Amino acid sequence: MNKRLVAAALAAVLAASAGCGPAGTVKEETIEVKQNSSLEQAKLLLTNYSKGQPLGSETTSFGNIVDEVRKADPTRADILAKGFADLQKPKANTAAIAKDTLKQLEPRPNG
């Protein structure tokens, strides 16, 4: 029985190393990951809430998201701050609030 265990272990080691090629033949690739802007992140959260996703631990980041949006667009930051606050009220209709906030965040045509 001990020989079977040794043989099984040896087979496992050989199988695990079978895919390894000669050193230096690994193709390295740099992948650029786009970071969501705070406004895009907020819109993604609101979209999820509008589809029925309940609020979770991400609510702790609402203030930071609003602060980041405020740097680029104070008007939208105010809309977002109110929407996030309304979402956290007891018995809030999160789907309706999220949809309404998303509509308010849409760019308005000039004129």
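Observations on the model:
Conditions (1) part of a loop (DSSP other than H, G, I, E, B); (2) surrounded by 11 or more Cβ atoms within 10 Å (Cβ to Cβ); (3) modelled with pLDDT under 95; (4) out of contact with any His (no Cβ under 8 Å at 6 or more places or on another chain), marked per residue:
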{"site": "Arg4", "(1), (2), (3), (4)": "no, no, yes, yes"}
{"site": "Ala8", "(1), (2), (3), (4)": "no, no, yes, yes"}
{"site": "Ala12", "(1), (2), (3), (4)": "no, no, yes, yes"}
{"site": "Pro22", "(1), (2), (3), (4)": "yes, no, yes, yes"}
{"site": "Glu29", "(1), (2), (3), (4)": "yes, no, yes, yes"}
{"site": "Val33", "(1), (2), (3), (4)": "yes, no, yes, yes"}
{"site": "Ser61", "(1), (2), (3), (4)": "no, yes, no, yes"}
{"site": "Ala96", "(1), (2), (3), (4)": "no, yes, no, yes"}
{"site": "Pro107", "(1), (2), (3), (4)": "yes, no, yes, yes"}
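- Cβ-Cβ contacts under 7 Å between residues 6 or more apart (or on different chains), taken from a first residue in the stretch 92-110 that is touching a residue at least 40 places away in the same chain (Cβ under 8 Å) to a second residue that is among the polar types (S, T, N, Q) and surrounded by 15 or more Cβ atoms within 10 Å (Cβ to Cβ), are listed as Ala95/Ser50; Ala98/Ser50; Lys99/Ser50; Leu102/Ser50.
- Checked against (1) at pLDDT below 70; (2) at positive phi, Gly52 passes all but condition (1).
The values are calculated or read from the model by the stated rules, or taken from the named source; none is laboratory data. Nothing here was measured: the structure is a model prediction, and the numbers come from that model. Ideal geometry is used to build each Cβ from the backbone, glycine not excepted, and the neighbour counts take in all protein chains shown.
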